[in-house]
Every structure is written in C-alpha cells, then in structure tokens.
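Scroll down for the structure; my scribbles are underneath it.
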Amino acid sequence: MTKPIYIRDVSKDDLPALVNIEDRTTGVSRLEYWKKRMELSEAIRPHWTSLVAEMDNRVVGFIFGRAGELEFGLPGTVAWIEVIGVDPAYRHKGIAAELMEHFTSSAHDHGIHTVFTLVSKDNPEMEKFFAKAGFTQGEMLHFKKEVAATL
C-alpha cells in the first residue's frame with residue numbers, strides 16, 4: 001500500500017528540512033539562500049506557488065515558483081517553476097509528480113494556463129521528469145553572458 005503524500009503551503013518551520021533536502025541532494029547547504037526564499041514566499045509570491053510535501057510526518061519535498069504578468073513578451077499571466085526537490089530517501093514515490101500536479105492545478109485555478117521552467121542540458125533526469133509531466137520544449141531561447149568581476 002502506498003503511503004499518502006500531503007501537500008501544503010510552505011511555512012517558516014520548514015526551513016531546516018529544505019536546507020537538509022538540498023544538502024543531501026546537491027552536497028551544498030545554502031541556509032541564507034533558503035531564508036531569503038522563505039521571505040520572498042511570504043512577501044510577494046502567491047502562497048500556492050511555494051509548497052512542501054509531507055510523508056511519514058516529515059517534509060520530503062518542495063516546489064517553489066511564482067506567477068508573473070507580461071514577462072519576456074509573453075501575453076497574460078504565466079507561472080514559473082523555479083526549484084523542485086525531493087529527499088533522496090523518498091525519490092520514485094510520486095512526490096515530485098504530486099507537487100507538480102498541485103502547482104499546475106493551482107495555477108489553473110488562478111486563471112493561469114501556461115507554466116514554464118528551465119532545465120539544464122546536463123540534467124537528463126529532470127528533462128525526462130518534466131517531459132513525463134507533459135512539458136514540451138518551448139519556443140523561447142535561453143541566452144546568457146558571463147560577467148567578469150571587477151576589482
């Protein structure tokens with residue numbers, strides 16, 4: 001029998017779990033980054049765009065995004081998924097898919113019909129995940145410029 005996954009809005013109390021999941025996933029612990037993300041989540045982002053997943057009475061995954069209007073020449077309001085993560089011990093249990101479904105359903109409930117994200121070409125696992133979730137490669141091009149540090 002599959003254990004239930006509970007999705008809810010993120011809260012300040014989730015900060016240690018978010019840092020821990022990212023550290024265990026990437027090997028990088030970014031406490032200050034997550035403190036700022038939490039502040040942004042509370043201040044300007046619609047609450048439905050910052051979610052955590054619980055299983056076994058603990059936070060096992062998260063998704064953070066935002067909604068924006070008329071960005072990058074796009075018509076109307078769109079949603080962006082900026083970061084998604086799942087505790088390595090809880091992967092392949094449908095947690096990321098459940099977070100994604102909740103995020104996209106909430107976007108639709110708020111009149112948003114398009115969700116965007118960016119995926120590194122070096123991350124075929126994420127490419128496969130988003131494709132399986134119904135995402136297709138968009139028509140926008142990603143540009144970047146390396147900026148040299150000044151002394």
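Reported to the nearest whole Å, the Cα centre-to-centre distance from the stretch 86-151 to the stretch 51-77 is 10.
Among the listed pairs K93/K121; K121/K145; K3/K93, those whose Cα-Cα separation exceeds 19 Å are K93/K121.
For the pair D9 and L141, label points projected 7 Å from Cα toward Cβ lie 4.1 nm apart. Summing +1 for each Lys or Arg and -1 for each Asp or Glu among the other residues whose beta-carbon sits under 14 angstrom from that of F116 gives -3. Restricting the chymotrypsin sites (Phe, Trp or Tyr not before Pro) of the stretch 80-143 to loop positions (DSSP other than H, G, I, E, B) with no more than 13 neighbouring Cβ atoms within 10 Å leaves F143. Summing +1 for each Lys or Arg and -1 for each Asp or Glu among the other residues whose beta-carbon sits under 11 angstrom from that of V59 gives -3. For the chain, which longest stretch is free of loop sites, where a loop site is one of the GluC sites (Glu not before Pro) that DSSP puts outside H, G, I, E and B and that has at most 16 other Cβ atoms within 10 Å? That would be 1-138. Computed extension gain for H92 through E127, at 0.36 nm per residue and net of the alpha carbon distance, reaches 11.1 nm.
Since every read-out is calculated from the coordinates, none of them should be taken as a lab result. Note that the coordinates shown come from a computational prediction; the quantities given were computed from them, not determined experimentally. Cβ sites come from the backbone with ideal geometry, for glycine too, and all protein chains shown count toward neighbours.
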